[in-house]
Amino acid sequence: MSDEHPENVVTAESDDQGLTIVRIFEASREKVFKAWTEPKAFAQWFGEHGSDVPADAATLDVRPGGAWRVVMLVGADTELVFWGHYREVDEPSHLVLTLTDQEFVADQVFDELTVDLEDLGDGRTRMTFTQLGGNMPAAQYERALAGWLLFFERQQDLLKTRHDGA
């Protein structure tokens, strides 16, 4: 990925083991955490432009051992299913969850997502996000990096429009 990052992205890099994004959100840590853990909010930002996650197609059982699943609609006839389990939940600062887009098999291979949220004050939050696993070639992690950057732009747009006092 080039050294040019979207606004509010501190770092964004990938290799053959995974990716790391450090991004500043113009929202409180509690709001960012809710965007990750409330199904309706998660459905609104998870995906690239032109994709859709219906609110009823996102299930999040946010607790260690709890499962999550999201069905993303792309175009008229493509469904992408993402799923995994929560490993760690420390509201409002830390999440660890597994991720795959593969159908269930006995020896399932997952990447691990880590979300660390730091309150910067003034209603801003620094998110350090990693996806690690080494389960894809470097070029695929680079494409995933570009996708997550778009997802997080959508998340920032959602956070700007929410006025729930959190």
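Readers should treat all values here as calculations from the given coordinates under stated rules, not as data from a laboratory. These figures come from a predicted structure and were not determined experimentally. We place every Cβ from the backbone using ideal geometry, glycine too, and count neighbours over all the protein chains shown.
Based on the alpha-carbon gyration tensor of the range 9-161 and its eigenvalue square roots a ≥ b ≥ c, which shape applies: rounded if a/c is under 1.5, prolate if not and a/b is larger than b/c, or oblate? Each step should come with its number before you reach the end.
On the way: a/c = 1.34, a/b = 1.23, b/c = 1.09.
Rounded, because the longest to shortest axis ratio a/c is under 1.5.
Can you check what the net charge comes to around G134, using other residues whose Cβ is under 13 Å from the Cβ of G134 (Lys, Arg +1; Asp, Glu -1)?
-4
As a check on your grasp of the helix formula, calculate [θ] at 222 nm for the chain: sum -39500 (n - 2.57) over DSSP H runs of n ≥ 4, divide by the residue count, round to the nearest 500.
Values: 3 runs with 40 residues, N = 166.
Result for the chain: -7500 deg cm²/dmol, rounded to the nearest 500.
Along the range 92-102, what does the Karplus equation 6.51 cos²θ - 1.76 cosθ + 1.60 (θ = phi - 60°) give for ³J(HN,Hα), rounded to whole Hz, x for Gly and Pro?
Taking θ as phi minus 60°, the curve returns x, 10, 7, 9, 10, 9, 8, 8, 8, 10, 9 Hz for the range 92-102.
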